[in-house]
Amino acid sequence: MTAAVPEAVQRRATAVRLAVFDVDGVMTDGRLYYDEAGRELKAFFTQDGLGLKHLMRAGTLVGIITGRDNPIVNHRMAELGITRLVAGCDDKGPALAAMADDAGVELSETAYVGDDLIDVPALERAGLAISVPNAHASALAVAHWVTPRPGGSGAVRDVCDLIMPTGAAG
């Protein structure tokens, strides 16, 4: 990471036991791609995936809460070994609370990464609220930290590296 991380953010990151991510705009660039048959396509950044695998190997739980229900996301999460997945979710605040409860984790021990208005309730509940530089102003306004890189271009890896500051996500 290029920018120094404030000490208060580092403290919050140290407490994280469950990291939860939005998909569109965080794990992807937020654009929707369709082929000529109307099938949706998504592009995921491989460094993000490797960071997530290392984060999970180090003992941090990882979850996904996304507003859209998409088989592409289900496939990618299965590839990564992420089983905590809530898709088609319009109310992400209670979904984050339920995911944390199911995992036996306090909300103060969660990180949530989101980029738009629908993510604000989860960002407000998380112990560490993270957004991306290309996020909507509503998400940026409640974030404790903004990743150096945009969604779909390494933002998830930035989060993994923040939570594992020794570089173990590398």
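Quote the relative contact order of the chain in percent (integer), defining contacts as alpha-carbon pairs under 8 Å separated by 6+ residues. Please report the intermediate quantities before stating the final value.
Values: 343 pairs, mean separation 50.3, N = 170.
30 percent.
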Applied in sequence order to the stretch 73-81, the curve 6.51 cos²θ - 1.76 cosθ + 1.60 (Karplus, θ = phi - 60°) yields integer Hz couplings, x standing for Gly and Pro, of 5, 4, 5, 5, 5, 5, 4, 7, x
I need two numbers for the stretch 92-137: Rg to one decimal and Dmax as a whole number, Cα atoms only, in Å.
10.3, 32
Run lengths n ≥ 4 of DSSP H only: what is the helix-derived mean residue ellipticity at 222 nm for the chain, with -39500 (n - 2.57) per run over all residues, to the nearest 500?
-10500 deg cm²/dmol
Accessible surface, the chain, averaged per residue in Å² (probe 1.4 Å)
46 Å²
Could you run the Karplus curve 6.51 cos²θ - 1.76 cosθ + 1.60 with θ = phi - 60° over the stretch 108-123 and give me ³J(HN,Hα) per residue in whole Hz, x for Gly and Pro?
5, 9, 10, 10, 10, 10, x, 9, 8, 3, 5, 8, 4, x, 6, 4
Using square roots of five times the C-alpha gyration tensor eigenvalues, list the equivalent-ellipsoid semi-axes of the stretch 1-95 in whole Å, biggest first.
26, 15, 14
Taking H placed 1.01 Å from N in the peptide plane, check which residues at least 5 places from THR147 or on another chain put their amide H under 5 Å from its amide H.
SER131, VAL132
Given H placed on each backbone N at 1.01 Å, which residues far from LEU85 in sequence or on other chains put an amide H within less than 5 Å of it?
ILE64
Long-range amide H contacts for ASP29: which residues qualify at under 5 Å (H placed 1.01 Å from N, peptide plane, sequence gap of 5 or more or a different chain)?
ALA43
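Quick check: at a probe of 1.4 Å, how many percent of the accessible area of the chain sits on carbon and sulfur atoms? Walk me through the numbers before you get to the answer.
Details: 4050 of 7820 Å².
Solvent-exposed carbon and sulfur of the chain make up 52 percent of the total.
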Using Cα springs under 10 Å in a Gaussian network model of the chain, which residue among ASP119, ASP24, ASP101 shows the largest mean-square fluctuation?
ASP101
Karplus ³J(HN,Hα) for the stretch 58-69 (6.51 cos²θ - 1.76 cosθ + 1.60, θ = phi - 60°; Hz, whole; x = Gly/Pro) runs 7, x, 7, 6, 10, x, 10, 10, 10, x, 10, 9
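The values are calculated or read from the model by the stated rules, or taken from the named source; none is laboratory data. No experiment lies behind these values; they were computed from the predicted model shown. Please note that ligands, DNA and RNA were not included when accessible areas were found on the heavy atoms of the full protein model with its side chains. Shrake-Rupley method; radii C 1.70, N 1.55, O 1.52, S 1.80 Å.
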